[in-house]
């Protein structure tokens, strides 16, 4: 269980930082452009941030049983965790699609380049790298959500044993 806790803590911090920065940039972009429609796009990425924060609270309670878990944290881990799991699975599929269709993506990107930058060429290596990064970020979210579901179940089982000796 300690190994799962350590892996989940590392993944929670990674997800919190990556998705937190993504949410901050989208929020700043929405404020700069004055387009509040971007705020709707923050719903799914912010679920990963909220899930990671709730997971860190769970880890604190698992490490130190004297620290109580708030009543809203398990709900956050469960319900927000399913949304985060959906985001992670979507990223996994997006990464695979980017890797499989890299030539078509390059053609679409080349057609969108402004005329003054026509000599700029996208390379397949760049698109593959983007696909691999997307795949790894999605995998990080999926693994973290599953580990936190397992830790929450273990937390409740340990509490139940403590209450009923």
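Read-outs: derived from the displayed coordinates by stated rules, not from any lab. Keep in mind that what you see is a predicted model, and the values were worked out from it rather than measured. For neighbour counting, all protein chains shown are included, and Cβ atoms are generated from backbone atoms with ideal geometry for every residue, glycine included.
With coordinates expressed along the principal axes, the C-alpha atoms belonging to region 99-139 extend over 38, 15, 14 Å, beginning with the largest. Per 0.36 nm of contour for each residue apart, how much would the distance between residue 36 and residue 130 grow if the chain were fully extended, relative to their Cα-Cα spacing? Full-extension gain reported as 31.1 nm. A Gaussian network model of the chain, with springs between Cα atoms under 10 Å, assigns the largest mean-square fluctuation among 29, 20, 138 to 29. Can you work out the base-10 log of I(q)/I(0) for region 1-57 at q = 0.16 1/Å, using the Debye formula on its C-alpha atoms alone? So the normalised log intensities work out to -0.52. Largest mean-square fluctuation among 116, 104, 124, in a Gaussian network model of the chain whose springs join Cα atoms under 10 Å apart, belongs to 116. Computed extension gain for residue 14 through residue 157, at 0.36 nm per residue and net of the alpha carbon distance, reaches 48.7 nm. Put simply, the C-alpha atoms of the chain give a gyration tensor, and the ellipsoid matching it has half-axes of 39, 18, 11 Å, longest first.
Evaluate E = 1/(1 + (r/R0)^6) for residue 60 and residue 118, where r is the Cβ-Cβ distance and R0 equals 35 Å; express this FRET efficiency to the nearest 0.05. Here the calculated transfer efficiency is 0.05.
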